[in-house]
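Chemist: Sharing a structure here in structure tokens format.
The values are calculated or read from the model by the stated rules, or taken from the named source; none is laboratory data. For clarity, every value in this text was computed on a predicted model and none was experimentally measured. So basically every Cβ, Gly included, is an ideal-geometry build from the backbone, and we count neighbours across all protein chains shown. When the accessible area is computed, the model is the full protein with side chains, heavy atoms only, and any ligands, DNA or RNA have been set aside. Shrake-Rupley method; radii C 1.70, N 1.55, O 1.52, S 1.80 Å.
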Amino acid sequence: MKKIIVSVVVLACVAAVSIAAVNSANIVGYAKLDAIGGQLTLVALNFDPGTNGVTLQDLIGLQVPDTSAIFVWDRDAGSYLPVSNKGRDLWNPNHTVYAGDAFWIKAGGTGTNEVILSGEVIISDTNTVALSSGIDATGFFFPVDISWTNTDLSALLPNLSTLFVWNGNGYDQWNKGRDLWSPVPPATGIPTLGPTSGFWIKTPSAGTWNESRPFDLN
């Protein structure tokens, strides 16, 4: 297995996901991303912030300017939580984010803002997520660079499933048929998920996502 890399409008949808308990133990890491003013950036928290999650104030805080907004995807409701606007250095509503949660950052202004996401690394041999049929935004749960087709999720999703990856201006799309993933032009090749990547999956049937830890602990 590979070594861990730690430092490193929108789709309308309906889905529900429940997540099994995960283990993390004193392996704290962080991953960086650029949030460009005036643009949407789709990210996910691929760390474990603990049983109680982490608020936007603690996770993002002052890393983007006032007039920024965050749209958190609510798995249980299959919709977005109310828009969180940042003003006077405070997020309101101050939503709580959990491991694997995907959300959009729309940074205010026009500059490029370095944002650091941090938390404990999930060290369970397998991370288990229950997926319903339909469409859902999520993360990989592990803060690594990994080719989509090297994930357990890509293998277990049934034929007629679709992967959507945000490219900054729109979605690149890959469809699964005959147990193979194929890009839909203009997408090419197979995408690589990063330590902060969020993505959408659309699947015709419910299932259990068991993702093996993709790195050694040694």
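Chemist: Please state which one of 35, 15 is modelled with pLDDT under 95 and small (Gly, Ala, Ser).
Modeler: Working: 35 fails: modelled with pLDDT under 95.
Checking each option against the conditions leaves just 15.
Chemist: Among the strands (runs of 3 or more DSSP E) contained in segment 178-218, which hold 1 or more residues that are of a type in the set (Lys, Arg) and surrounded by 12 or more Cβ atoms within 10 Å (Cβ to Cβ)? Can you show your working first?
Modeler: Details: elements: 180-184, 198-203, 207-212.
Per the criteria, 198-203.
Chemist: So how many residues does segment 175-193 have that are under 23 Å from residue 45 (Cβ atoms) and touching a Leu at 6+ places or on another chain (Cβ under 8 Å)? Talk me through it step by step, then tell me what you get.
Modeler: Step one: list which residues in segment 175-193 are under 23 Å from residue 45 (Cβ atoms), which gives 191-193.
Filter again for touching a Leu at 6+ places or on another chain (Cβ under 8 Å), leaving 191.
The qualifying residues number 1.
Chemist: Now for a separate question. Out of the strands (runs of 3 or more DSSP E) lying entirely within segment 87-144, which hold 2 or more residues that are of a type in the set (Gly, Ala, Ser) and open to solvent by less than 50 Å² (accessible area, probe 1.4 Å)? It would help to see each step written out before you state the result.
Modeler: On the way: elements: 90-92, 102-106, 112-122, 126-131, 134-139.
Ranges flagged: 134-139.
Chemist: Which condition number in (1) under 16 Å from residue 60 (Cβ atoms); (2) modelled with pLDDT under 95 is the one that residue 133 fails?
Modeler: (1)
Chemist: Still on this model: Any chance segment 62-70 includes a residue that's closer than 16 Å to residue 198 by Cβ, touching a helix residue (DSSP H, G or I) at 6+ places or on another chain (Cβ under 7 Å) and at pLDDT 95 or above?
Modeler: yes
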